1. Using Cα atoms only, what is the angle between the long axis of helix 266-287 and the major principal axis of the chain, expressed in degrees (0 to 90) to the nearest 10?
2. With the calculation restricted to Cα positions, what are the radius of gyration and Dmax of the chain in angstrom?
3. Rounded to whole Å and sorted largest first, list the principal axis extents of the Cα atoms in region 12-140.
4. Using the Kirkwood formula over every pair of different C-alpha atoms, what hydrodynamic radius in Å results for region 132-287?
5. I'd like to know which of Gln334, Trp294, Tyr314 lies farthest towards the positive end of the charge dipole of region 184-336, counting +1 on Cβ of Lys and Arg and -1 on Cβ of Asp and Glu.
6. Magnitude of the Cβ-charge dipole of region 205-246, K/R +1 and D/E -1, about the Cα centre, nearest 20 debye?
7. Taking each pair of different alpha-carbon atoms in region 87-216 once, compute 1/r for the pair, average those values, and report the inverse of that mean as the Kirkwood hydrodynamic radius in Å to one decimal.
8. Solvent-accessible area of His154, probe 1.4 Å, all protein chains present, reported in Å² to the nearest ten, please.
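The values are calculated or read from the model by the stated rules, or taken from the named source; none is laboratory data. These figures come from a predicted structure and were not determined experimentally. Heads up, the Cβs are rebuilt from the backbone with ideal geometry, glycines too, and the neighbour counts pull from every protein chain shown. Please note that ligands, DNA and RNA were not included when accessible areas were found on the heavy atoms of the full protein model with its side chains. Shrake-Rupley method; radii C 1.70, N 1.55, O 1.52, S 1.80 Å.
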Amino acid sequence: MYDVLSALLAVSFKFAFYYPIVMSFFWIAGGLYYYLRRERHARGRTDPPALDAAPFVSILIPCHNEGDNVRETIASAMAQRYPSFEVIAINDGSGDDTGEKLNLLAAQYPQLRVVHLDRNLGKANAMRMGALAARSEYLVCIDGDALLDEYATHWMVWHLCSGARVGAVTGNPRIRNRSTLLGRLQVGEFASIIGMIKRAQRVYGRIFTVSGVICAFRRTALHQIGYWSDSMVTEDIDISWRLQMNHWDIRYEPNAMCFILMPETVRGLWKQRLRWAQGGVEVLMRHTRDLFSWRRRRMWPVLGEYLLSLAWAYMMAFIILLWALGKVFELPEQLRVPTLLPSWHGVILAMICLLQFAASIVIDRRYETGVGRNYYWMIWYPMVFWLLSFTTTVAAVPKALAKRRGTRAVWVSPDRGLR
């Protein structure tokens, strides 16, 4: 018995060490390939490709208790350098003054229409109501606290117009609040982790998820798959999988930028990442069986990578559990974990992590001046966010399993950083 546990411990240590290294090189290789082939000599953000005939576009903004942010968000949407568009704000049962402010803004902007829902039915339902009210085939969707870059709509619509099977485009969210260590770490995370992963996934064939805070859709594609699911806590992951399972293409456009607020407290960050992790597990539980089809084989790498990330989280939990038990009980020598403090393994992991951040700075500096100033703080990223990642993943699996099927996912106002 002890020999089996000892062998399992040895495998756990090797997997926990090598998995993030292998994946880092995997993302770096894909991200750099994407950059060298598609970005290095591409047009700048302010010079998007011309459209033969710019189609009418609907910008959807679901709002729940966004009274503090909605004026800025609507103003940024109205400032789009695009010839023909409307903005539809969906007030989903807000308990603050969001509705009143939206009505005032509708009187100010002729292009703005407001849909009021009398109770909180969740973001997925709000998006569906907005899509049904829209007058366009092309839908640009942003959150109620996001500031849309003035060229973002043009870039995303260009992709949708470039191919009949392009069902969605995911943009490039950037962090607005960066006054704390957690804020600065997330600046680096969105550039070197999220942005690089999306580039690599685009190269390798399929994207795990669109960024729900900034994305665009072809309404025909949404109609075919039944729009957003109101029972999934992360509707953006679910709709990304369903679109691609139905052979719609998802593009990544780094020039389609928006600026967002993120949590700057440990409690707020934990709640956000737990929701993300739970959403991934829910999508896995709902759609894995449907992927066992040769016609959907291009989704297998996405599924495999996610299963490996779940395995890594539980391997880490197993190692920490043995270390904690060793502090209380006298364990056999072969089962002892003497310390969790980084040794040479930790140094190598930190170096690989910094290499990934350095590669991302090379790629990302064209989109945000001064992004390299956050490089100094990224040495803390593995300690803070890898710990957060595996703990939320471990907690998310039983939470997703315990959730009653069909339960509606309603709005919960997130932490928007320190005021």
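1. Between helix and principal axis, roughly 90 degrees.
2. When restricted to the Cα atoms of the chain, Rg and Dmax are 22.1, 74 Å.
3. 57, 45, 26
4. Values: mean 1/r = 0.0623 Å⁻¹.
Final number for the Kirkwood radius of region 132-287 is 16.1 Å.
5. Of the options given, the answer is Trp294.
6. Details: 4 positive and 4 negative charges, 49 e Å.
Here region 205-246 has a charge dipole of around 240 debye.
7. In region 87-216 this quantity evaluates to 16.7 Å.
8. His154 has an accessible surface of roughly 30 Å² with all protein chains in place.
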